[in-house]
1. Considering the stretch 1-21 alone, what residues qualify as being of a type in the set (V, I, T), touching a residue at least 60 places away in the same chain (Cβ under 8 Å) and farther than 28 Å from E337 by Cβ?
2. Which residue is nearest to the ligand (Cβ to nearest atom), if the candidates are limited to the stretch 98-118 and must be crowded, with 21+ Cβ neighbours inside 10 Å and over 27 Å from L331 (Cα atoms)?
3. Which residues, taken from the stretch 111-138, are hydrophobic (A, V, I, L, M, F, W, C), in contact (Cβ under 8 Å) with a residue 40 or more places away in the chain and within 22 Å of F101 (Cα to Cα)?
4. From the list S184, S178, pick out the single residue that is at pLDDT below 95, more than 13 Å from the ligand (Cβ to nearest atom), out of contact with any helix residue (DSSP H, G or I) (no Cβ under 6 Å at 6 or more places or on another chain) and under 27 Å from W24 (Cβ atoms).
5. So which of S234, S302 is of a type in the set (G, A, S), touching a residue at least 24 places away in the same chain (Cβ under 8 Å) and crowded, with 24+ Cβ neighbours inside 10 Å?
6. How many of the residues in the stretch 167-181 are in a loop (DSSP other than H, G, I, E, B) and closer than 24 Å to P113 by Cα?
7. Output the number of the condition that I80 fails; it satisfies all remaining conditions of (1) within 30 Å of Y151 (Cα to Cα); (2) outside any loop (DSSP other than H, G, I, E, B); (3) among the β-branched types (V, I, T).
8. Keeping to the stretch 92-124, report how many residues are touching a Phe, Trp or Tyr at 6+ places or on another chain (Cβ under 8 Å) and farther than 26 Å from S194 by Cβ.
Amino acid sequence: MPAKFSTLHEIVKQAQANLTREHWDYLVGGSDTEASVRRNRHGLDSWVFRPRILNDVSQMEVSASLLGTPLAIPVVLPPIGSVQVFNAAGAQAVAQAAREFGVLQILSSVCTPDFEEVAAAVPGPRIYQLYLMGDQTWMDDRIQRAMDAGYTGFCLTADTQNYSRRERDILKGFVPPSGSQASSPAFNYQTTMSWDTVAHIKQRFDIPLVIKGVNVAEDAVRCVEAGVDVVYVSNHGGRQLDHTRACIDALPEVAAAVDGRVPVVVDGGFMRGADVVKGLCLGADVVAMGRLHALALAAGGSEAVVRALELVEREIRLTMALMGMSRVSDLHPGLLERSEPTAPSHVLSAFPFLDQGY
Ligand SMILES: Cc1cc2nc3c(=O)[nH]c(=O)nc-3n(C[C@H](O)[C@H](O)[C@H](O)COP(=O)(O)O)c2cc1C
């Protein structure tokens, strides 16, 4: 890895140089027409700041917490299946970076090393995200094992009852390791997931439950009523249902429905510190950055993930200071308004210099 990346641009560029076409497309791509992928960015690019002036910003406070775990910045690293194809150290490298920098990792059940190996190698708070590949007894066993291994939260991804059609992968005949698991008959258990599954987990296990994939107020309310501990707004980075709203546009109604009763996490297209600030303004407690941290992993392993987080922190601090806001708790929707994006939005539109020879 270059001595020190000084911008997120360089990290993305290095990732592209390091990855094969198959792995690059698996990482940046989405489902069907990739409209959901583009909309995530279009939504973020459509909010502009209404900064305030003449506030003392000499003392900045950008830390946060989720489920009792302190976070250096209001960011978590969401589950990335097959993360080992981006860097052989896979989920363990992400775990190391999360611990070193001070954010929380949500570890996918379809990556290597697996949840128990990662917990043994890198102890610390962590959330385990599970795809159901067995019956209730199988699921209960997984949750218990995750608790025994020290996981501090359990995440069900509710937007993947079927695995989508990722046409970039299909066209090349590329099947990521997690994709081959998804095409096994065991993955059909995902289709059986329901609110009864949520009720069962809440009744049986004393571990905070995250529901990932919430898009509308009705489901957010239902989560809170069911005792869910974190409502996570996501369209899976545009990799599952195509033609959804941008997650940043689904966020305000979900945050209003949750009304502060439990934390709200959002992801989908968040690539820069300014994007994180927009999510916080619109009601998220924490923002998850998926592709960004996987790109950093591809660019330079654990070290580059830490560097990416340092750069995101720098951008968050600078954005907030220039908005006249010194604390995360100062952020509110009145600091944003809608405006037409200045350029076409796409998965990497947060990095406009990529093709300009830098
Ligand atoms: C390569 C890749 C693999 C993913 N694997 C999983 C997974 O195993 N489980 C899951 O819940 N979400 C998975 N996701 C979705 C992410 O957790 C997250 O919702 C998404 O990446 C957020 O959008 P962003 O990449 O634009 O930040 C994956 C995303 C990517 C890019």
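The values are calculated or read from the model by the stated rules, or taken from the named source; none is laboratory data. Predicted model, so just to flag it, every value in this text is computed and none were measured. Every residue, glycine among them, receives a Cβ derived from its backbone with ideal geometry; neighbour counts consider all protein chains shown.
1. Looking only at the stretch 1-21, we keep the residues that are of a type in the set (V, I, T), and these are 7, 11-12, 20.
Subsequent filtering for residues that are touching a residue at least 60 places away in the same chain (Cβ under 8 Å) retains 7, 11-12.
Within the stretch 1-21, I11, V12 meet the criteria.
2. This residue is S108.
3. C111, I127
4. Working: S178 fails: more than 13 Å from the ligand (Cβ to nearest atom).
Only one candidate qualifies: S184.
5. When all the criteria are applied, what remains is S234.
6. Pass one, the stretch 167-181, residues in a loop (DSSP other than H, G, I, E, B): 173-176.
Pick out the ones that are also closer than 24 Å to P113 by Cα and you get 174-176.
Summing the residues that are in a loop (DSSP other than H, G, I, E, B) and closer than 24 Å to P113 by Cα in the stretch 167-181 gives 3.
7. The number of the failed condition is (2).
8. 1
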